[in-house]
1. If you check S300, S317, S366, S358, which single one turns out to be among the hydroxyl-bearing types (S, T, Y) and farther than 30 Å from L149 by Cα?
2. For the stretch 311-327, which positions are surrounded by 12 or more Cβ atoms within 10 Å (Cβ to Cβ) and not hydrophobic (A, V, I, L, M, F, W, C)?
3. How about the stretch 333-357: which of its residues are without any contact (Cβ under 8 Å) to a residue 40 or more places away in the chain and of a type in the set (S, T, N, Q)?
4. Any residue that is closer than 20 Å to P293 by Cβ and in a loop (DSSP other than H, G, I, E, B) - is there at least one of those in the stretch 253-261?
5. Failed condition for L256, given (1) at pLDDT 95 or above; (2) aliphatic (A, V, I, L, M); (3) surrounded by fewer than 21 Cβ atoms within 10 Å (Cβ to Cβ), with all others met?
6. Determine the pairs where a residue that is farther than 14 Å from V91 by Cβ, located within the stretch 121-140, has a partner that is assigned to a helix (DSSP H, G or I) and among the aromatic types (F, W, Y) with Cβ atoms under 9 Å apart, the partner being 6 or more residues away or on another chain.
7. Within the stretch 313-329, how many residues turn out to be farther than 30 Å from L360 by Cα and not in a loop (DSSP other than H, G, I, E, B)?
Amino acid sequence: MQPVIVEMLERRLSAKLGRLSSQLSQGPLIVSGLLSEAKGVSQGARLSLAAFRAAGLSPIAHDVRPLFERRDASHLRLPAAQSGGAWFLHVNAPEAIHALSALAPGDWQDRYRIAYWAFELPRVPSLWVRASAAFHEIWAPSHFVVEALRSSGVKVPVRLMPHPVALGAPPATPERAAFDIPANAFAVLTLGDLRSSAARKNLLGAIAIYLQAFPSPGSSRLIVKVREDAAHPSFLAHARQAAQGRADIDFVTGDLSSDEMHRLIASCSLVLSPHRAEGFGLPLAEALLAGVPVLATGWSGNVDFMTDMPELMIDYSLVPVRDAYRVYRARGQRWAEPHLEDAVAKLRALAASPDLRSQLAAKGRSKIEALSAPWNRQSLLDMPFGAWIGSPDGGQAVRPVAAANPRR
């Protein structure tokens, strides 16, 4: 969002907050997010919705996209006839400000408000700190994000609530033929959404690691899955140049459905992520759940579910943030620079040992399954918002407005 628009919306929200009563009342649980889209934050919102449903809480699904598309959204309301209860808003701070400022305060002031946020650097922007005052608590997917929020000055309670990845779609069946992957190939997948910064995802680094690990074409294969390549048209030219014309490096640039993405991940031998920062690393967790090992930088959000697996963690050094694509512009921040030599050595070791890959994938899957533990029924009801959603089955159960198979 353009900074001037965010500033205007923030002023409008501040004026509304100044007139609010602190009175809360019981009512339904509303789960809002960009539910029909393919962004990571959208998949996270769908997972939260699935987790509340698995706990038997009958949440009301609400897609916030219409709030952002209309110049005048004053006639739009939260989808609950009953006031009170809890409002769980799974979008990041700028979009949360937009949603709160677009809706009439009477629509949400007596609801217990929870925001679910993720950020990829050690400190969140000051805008996020100011926006946190509109909520009773903030949930975050990793220790990394929790610490970023707290150390930046967020005063409301911040709760660690990992993405409940295992409660999403079941792991897909490998279909190598559908993606033109030879049956006996050691297939390495690296992937990233260019709107999330090609520099942060470090896809060029993944190509360099692969080329050094396998200097001559053979039985290995690298698949570079890029989404939103139109966001940075020059990236693909740079990436293809970095690939040096190797026939064993393929670029996949079109949109894939979520089901197709899951099948692609399941069809590969390993996911390579020499990222510079991750708030959580949802595709990495999805890969481990599918039984596919992940070789990733040992820093930021993914560390929560990759501890005790040093064979899968790339060594790194912390360096100042320099993003040529200007997605991350904050000064004084640092992120990881993965060590090429360590990544190459570990990639070769994994390629040489199917047994090692299988053992690590099984260990990783158990870690992903454990992430759902905080989302169990009793734990949720024991949280502060549990007092405001009435009975455990309170609220109006409706079908989600999310698309069944968003593109990724």
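The values are calculated or read from the model by the stated rules, or taken from the named source; none is laboratory data. On a predicted model such as this, the values are computed, not experimentally measured, just so you know. Neighbour counts run over all protein chains shown; Cβ positions are idealised from the backbone, glycine included.
1. Unique residue meeting the criteria: S358.
2. E311, D315, Y316, D323, Y325
3. Answer for the stretch 333-357, where residues must be without any contact (Cβ under 8 Å) to a residue 40 or more places away in the chain and of a type in the set (S, T, N, Q): just S353.
4. The answer is no; no qualifying residue exists.
5. Result: L256 passes all but (1).
6. Pairs that qualify, where the first residue is farther than 14 Å from V91 by Cβ and the partner is assigned to a helix (DSSP H, G or I) and among the aromatic types (F, W, Y), are P122/F144; H136/F385; E137/F385.
7. 1
Table: residues versus (1) surrounded by 23 or more Cβ atoms within 10 Å (Cβ to Cβ); (2) within 20 Å of the chain's Cα centre (by Cα).
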| position | (1), (2) |
| --- | --- |
| L121 | no, yes |
| S126 | no, no |
| F144 | yes, yes |
| G153 | no, no |
| R159 | no, yes |
| H163 | yes, yes |
| N202 | yes, yes |
| I207 | yes, no |
| R221 | yes, no |
